[in-house]
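Novice: Attaching a single structure in structure tokens format; questions to follow.
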Amino acid sequence: MLTIVAFVVALGLLIAVHEYGHYRVAVACGVKVLRFSIGFGKPLLSWRKKDSATEFVVCALPLGGYVRMLDEREAPVEASERHLAFNTQPLRSRVAIVAAGPAANLLLAVLLYALVNWTGVEEPKPMLSAPVAGSLAERAGIKGGDWVVQIAATDDQPTEVGSFEDLRWRLTQAALSSEDVTLWVSPREGAGARPVVLPLSELDVSEADASLFQRIGITAPWSAPVVGEVMEGGAAAAAGLLTGDVVRRVDDSPVPDGQSLRAMIRAGVGPEGQPKEQRWAVERGGQALNLLVKPVPEQQDGAWIGRVGAYIGAPPEMVTVSHGLVDSLIQGVVKTWEVSWLTLKMMGRMIIGEASVKNLSGPLTIADYAGKSASLGVTSYLLFLALISVSLGVLNLLPLPVLDGGHLMYYLWEGVTGRSVSEVWMERLQRGGVVVLMALMSVALFNDVVRLAG
């Protein structure tokens, strides 16, 4: 139920903001708006403001919306109202009206990012767990517990790293741009920082997914190798482990952090699923204990892994990331620009075959993420709304004839040549745009089904 509510609220808000952008600028330009609709199909709600020509409606299918304006191309217009018709407006007014929808979505993203920055968000500190074996981070000499102080991409000035999520975002941008980065890391916060180069340009990045960070080697913030809640009947309970036990060694290997301990547990079964008994050196209340733990085999993605029936790893140390009002607005603009530019780059790479079309997401994935972000709290949901609002704004600016960007393409032609696109060519382009858009939606929906089925 939460997923459905979160999805409907998100979709309704983003569509309403988009269409309100068109509506508000149309009214400001003196255009008569006949209908403002959220959704398509049968109207569920309908109202009209006093002394207003606009009918506001909410329809049954909430997968879009529209603003219907007085227009001679759609229906006859009385001579006394011809100056109120959209098609009779000067080019600059028509451009402003069409561009206002995507601009409203981008502005909403700026405000949402600014709100989160201003109120503050709890994020893990930029302290790293032990890197993945054989990864770029391990080869560069990063160790579990290293604190990332600064980061710089090629030819850029070093900037402070505020949180682990901030670090992941910077690494994602650099990896997708095939740029090497330099991290300044220290064994403790701000002390004795040393430069470490991550050659991200060596990676063949086609998807910004979990496997990318596996190859980079930075997958999770540092957490202490502590045993959390122990479930009855599990391998941990059978071995005598208790909540709060600190694991120092497994067999002959030291345990630097919770991430490493989880990896050792997963590796605690043979390739055919046969359990292996592990010797755990545990610290409990200042006393050293040696316990025998036999992980229970479980299949995951066609491979056998071990489970012990306990929460492993203490929660990571958190930091409140917040800014002043003016800085928050600036950060909101910067973040919106970065996400927009990254979205455009990924679309461009997909077109030329350098990125996988698996990056496309449709309504099922959006609904799933809406529910998950809402369950994590208001801040996570606001960040989700900001991300989708940017995506909606950028998508609508693409030069496809059925989108706002397609209409802006027509107006660019009109501005350059002095004449509008002919009705014949407009009809052909519209049909082609529908085909392309339907193909993209089909791929996105297929990706949704594959993700959710997996």
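Read the figures in this text as sums done on the coordinates, not as results from a lab. All figures in this text were calculated on a predicted structure; none of them were measured in a lab. Positions of Cβ are generated from backbone atoms using ideal geometry, with glycine treated the same way; all protein chains shown enter the neighbour counts.
Novice: How would you rank 144-157, 391-404, highest first, on the average number of other Cβ atoms within 10 Å across their residues?
Specialist: Listed from highest to lowest mean packing, they are 391-404, 144-157.
Novice: Then there's this: Is the stretch 56-112 best put as rounded, prolate or oblate by its Cα gyration tensor, with a ≥ b ≥ c the root eigenvalues, rounded for a/c under 1.5, and otherwise prolate when a/b is larger than b/c, oblate when not?
Specialist: In terms of gyration-tensor shape, oblate.
Novice: Let me check I have the definition right: for the stretch 228-290, take the eigenvalues of the Cα gyration tensor, multiply each by 5, take square roots. What are those semi-axes in whole Å, largest first?
Specialist: In descending order, the three semi-axes are 19, 15, 11 Å.
Novice: Can you pull the Rg over Rh of the stretch 1-123, Cα-only, Kirkwood?
Specialist: Taking Rh as the inverse mean 1/r over Cα pairs, Rg/Rh reads 1.06.
Novice: Per-residue HN-Hα couplings for the stretch 123-136, Karplus 6.51 cos²θ - 1.76 cosθ + 1.60 at θ = phi - 60°, whole Hz, x for Gly and Pro?
Specialist: Each residue's phi maps through the Karplus curve to give 9, x, 5, x, 9, 9, 6, 4, x, 5, 4, x, 7, 4 Hz.
Novice: Can you bin the stretch 138-261 into rounded, prolate or oblate? Criterion: square roots of the alpha carbon gyration tensor eigenvalues sorted a ≥ b ≥ c, rounded for a/c under 1.5, prolate for a/b above b/c, oblate for the rest.
Specialist: In terms of gyration-tensor shape, prolate.
Novice: Over 32 Å between Cα atoms, which of 143/294; 125/345; 42/372; 50/335; 143/335; 49/372 qualify?
Specialist: The pairs that break the limit, which is 32 Å between Cα atoms, are 50/335; 49/372.
Novice: So which trypsin sites (Lys or Arg not before Pro) in the stretch 65-147 pass both tests, a DSSP loop state and at most 10 other Cβ atoms within 10 Å of the Cβ?
Specialist: 73
Novice: Which aspartates and glutamates have a Cα lying under 20 Å from the Cα of residue 32, excluding residues fewer than 8 positions away in the same chain?
Specialist: Cross-link targets: 19, 51, 55, 71, 72, 74, 78, 81, 404.
Novice: Another question, then. Check which residues have an amide H placed less than 5 Å from residue 34's amide H, if you skip close sequence neighbours.
Specialist: 68, 69, 70
Novice: If you consider only alpha-carbon coordinates, what radius of gyration and Dmax does the chain have, in Å?
Specialist: 27.2, 93
Novice: Another question about this same structure. What shape does the stretch 112-161 have by the C-alpha gyration tensor, where a ≥ b ≥ c are the square roots of the eigenvalues, rounded means a/c under 1.5, and otherwise prolate means a/b greater than b/c and oblate the rest?
Specialist: In terms of gyration-tensor shape, oblate.
Novice: Same structure, new question: Over the chain, calculate the relative contact order: mean separation of alpha carbon pairs under 8 Å at least 6 apart, over the residue count, as a percent.
Specialist: It rounds to 17 percent for the chain.
Novice: Using modelled amide H (1.01 Å from N, peptide plane; none on Pro or chain starts), what sits under 5 Å from the amide H of residue 149, excluding residues fewer than 5 places away?
Specialist: Long-range HN contacts for residue 149: 184, 185, 186.
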